[in-house]
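Just so it is clear, none of the values below were taken in a lab; they were calculated from the coordinates. All of these numbers come straight from a predicted model, not from anything done at the bench. Glycine also receives a Cβ, built like all others from the backbone with ideal geometry; neighbour counts cover every protein chain displayed.
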Amino acid sequence: MQTEPCCNAAQEPVTIRLRGHHFLCLLTYKGLGYTPAFVENMTAVAMRINAGAKVILHAGPDDICGALTPADRAACNHDCAKPETAALDEMAEKATAAVLGHGLDEAFALDAEKVAQLRAAFLTGESRAACGLCRWRAVCDEIAQSGYAHTLLKGAHAA
Ligand code: SF4
């Protein structure tokens with residue numbers, strides 16, 4: 001479920017807010033998630049990035065969290081109500097900023113080159129401290145090791 005229009009009045013794509021650890025999760029995303037509503041929204045976010053919508057590294061709930069249902073929140077590994085979530089995002093923010101050179105609230109196109117840089121760092125593990133005890137870790141490990149086959153994020157204008 002999308003919670004905001006994809007475009008403004010001038011039909012420019014609206015910038016997508018992504019919290020630190022979602023820069024990791026999108027790299028291995030291939031349509032798996034907590035509930036159908038969550039998957040629908042996360043897929044829409046990936047497609048909007050592929051279509052050229054800019055992204056920003058955002059502290060706190062973002063455009064993926066915005067579509068969480070109560071069922072999603074109960075199942076979510078990284079819900080904001082959990083004390084470890086802030087620390088996890090801080091680790092992911094630092095790792096993402098180190099790879100991309102973009103800090104918090106700086107809008108940029110997440111193009112195919114940047115996606116490849118992030119995926120390379122993810123594969124070596126250098127950016128994955130935030131994955132820590134995540135329940136999806138084995139799934140994401142396998143996806144990364146398989147060359148990110150069938151993942152939905154392609155990078156801006158590379159869809
Ligand atoms: S292991 Fe968890 S936090 Fe890391 S990319 Fe996968 S889903 Fe996201």
| query | In what sequence, highest mean first, do 49-57, 129-137, 148-156 appear when ranked by Cβ atoms within 10 angstrom? | reply | 49-57, 148-156, 129-137
| query | Based solely on its DSSP helices, what 222 nm [θ] is calculated for the chain when runs of n ≥ 4 H residues each add -39,500 (n - 2.57) and the sum is averaged over all residues, nearest 500 deg cm²/dmol? | reply | -12500 deg cm²/dmol
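Of the peptides 32-40, 15-23, 98-106, 111-119, how do they stack up when ordered by the mean number of other Cβ atoms within 10 Å, highest first? The partial results should precede the final answer.
On the way: 32-40: 15.9, 15-23: 23.4, 98-106: 13.6, 111-119: 17.4.
For the peptides 32-40, 15-23, 98-106, 111-119, the packing ranking is 15-23, 111-119, 32-40, 98-106.
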| request: Select from Leu104, Cys140, Gly125 the residue farthest towards the positive end of the dipole of the range 32-159; place +1 on Cβ of Lys and Arg, -1 on Cβ of Asp and Glu, and compute about the Cα centre. | output: Cys140
| request: Would you mind pulling out the separation of the Cα centroids of the range 18-89 and the range 112-153, in Å? | output: 15 Å
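Could you list Ser127, Ser146 so that the one with the fewest beta carbons within 10 Å of its beta carbon is first and the one with the most is last?
Ser146, Ser127
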| Built amide H within the under 5 Å cut-off of Ala59, gap 5+ | none
| said: Taking a ≥ b ≥ c as the square roots of the Cα gyration tensor eigenvalues, with a/c under 1.5 meaning rounded and otherwise prolate when a/b beats b/c, else oblate, which class fits the chain? | reply: rounded
| In what sequence do Glu142, Glu93 fall when counting other Cβ within 10 Å, fewest first? | Glu142, Glu93
